[in-house]
Amino acid sequence: MYFSLPKPHIFFISGLGADHRAFDRIKLDGYEQTHIPWVIPEWKDTMNSYARKMAEPILKAKNPVVIGLSMGGILASEMTTFIPNLQAILVSSIKSHEERSNLLRLGRAFPIQGLLPPNVMKHFTFVWEMAQKKRLKGDAGHMVQMFKEQDDKFMRWAIVNAPKWRGKGDESRIAHIHGTMDRMFPHRRIKNPITVQGGTHLMIYMKGDEITELIKKELKRIEGVE
């Protein structure tokens, strides 16, 4: 028998290059829900100081749950280190620097991505669109548009600082949903994941119904309802 807690207030943090539209296929009726928009960082911000800025709307919630996608999951993981009552559900993300991909490890050792103008990074979306169009069944334009609309200052800060992250979230308060076909953060590096067979880094959109059910299961666990 679980002790029943107040109904969770759900906060969404999207991935790099995305916004609230990334969660369009996640349907969680019956919960108070807030999408936290990206805050424009100061160049001196670390991932920890930036996570504290993003966490401001969360601090007054009695039973907060952050659902973090990709980079949003990194921030949610970091938030568990300074918000004692926070529960986090990560999707296609990492909860510690130990789970980083080779790409992020390379970006830390050789941070040349900071030399690229943000517009160059955005032009890469053409290649991404062509690669993902078939999988997204016509929705690639919707996803690519989010990336193109991101603030240049935020993009530059994020692509430099995400590889530098050396944090580690409180794993006792983190549920981690991860796909076996995620190439951004390979499944083999993830500790104790809730595995989605065939799930890619875009599975929150491509497998929205399945991810919704897994999130609902975790929310029931957090509420103390079996």
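Mind listing whichever residues of region 1-30 are part of a loop (DSSP other than H, G, I, E, B), surrounded by 14 or more Cβ atoms within 10 Å (Cβ to Cβ), at negative phi and not basic (Lys, Arg)?
LEU5, PRO8, SER14, GLY15, LEU16, ALA18, ASP19, ILE26, LEU28
When HIS20 is evaluated against the numbered criteria (1) out of contact with any His (no Cβ under 7 Å at 6 or more places or on another chain); (2) farther than 16 Å from GLU218 by Cβ; (3) without any contact (Cβ under 8 Å) to a residue 40 or more places away in the chain, which criterion, by number, is the only one it fails?
Condition (1) is where HIS20 drops out.
Can you tell me which residue among ALA158, ALA162, ALA175 is modelled with pLDDT of 95 or more and buried (at least 17 other Cβ atoms within 10 Å of the Cβ)?
Just a single option satisfies the conditions, and that option is ALA175.
Quick check, is GLY198 out of contact with any helix residue (DSSP H, G or I) (no Cβ under 6 Å at 6 or more places or on another chain), surrounded by fewer than 19 Cβ atoms within 10 Å (Cβ to Cβ), on the phi > 0 side of the Ramachandran plot and of a type in the set (Gly, Ala, Ser)?
So GLY198 passes the test.
Quick one: what pairs do we get from region 69-83, first residue under 7 Å from SER93 (Cα atoms) and in contact (Cβ under 8 Å) with a residue 24 or more places away in the chain, second buried (at least 24 other Cβ atoms within 10 Å of the Cβ) and of a type in the set (D, E, K, R), C-beta under 9 Å, 6+ apart or different chains?
GLY73/LYS95; ILE74/LYS95
How about region 182-204: which of its residues are out of contact with any strand residue (DSSP E or B) (no Cβ under 9 Å at 6 or more places or on another chain) and farther than 10 Å from SER92 by Cβ?
ARG183, PRO186, ARG188, ARG189
The values are calculated or read from the model by the stated rules, or taken from the named source; none is laboratory data. Everything numeric here is computed off the predicted structure, so don't read it as measured data. Because the Cβ atoms are built from the backbone with ideal geometry, glycine has one as well, and the counts that use them run over all protein chains shown.
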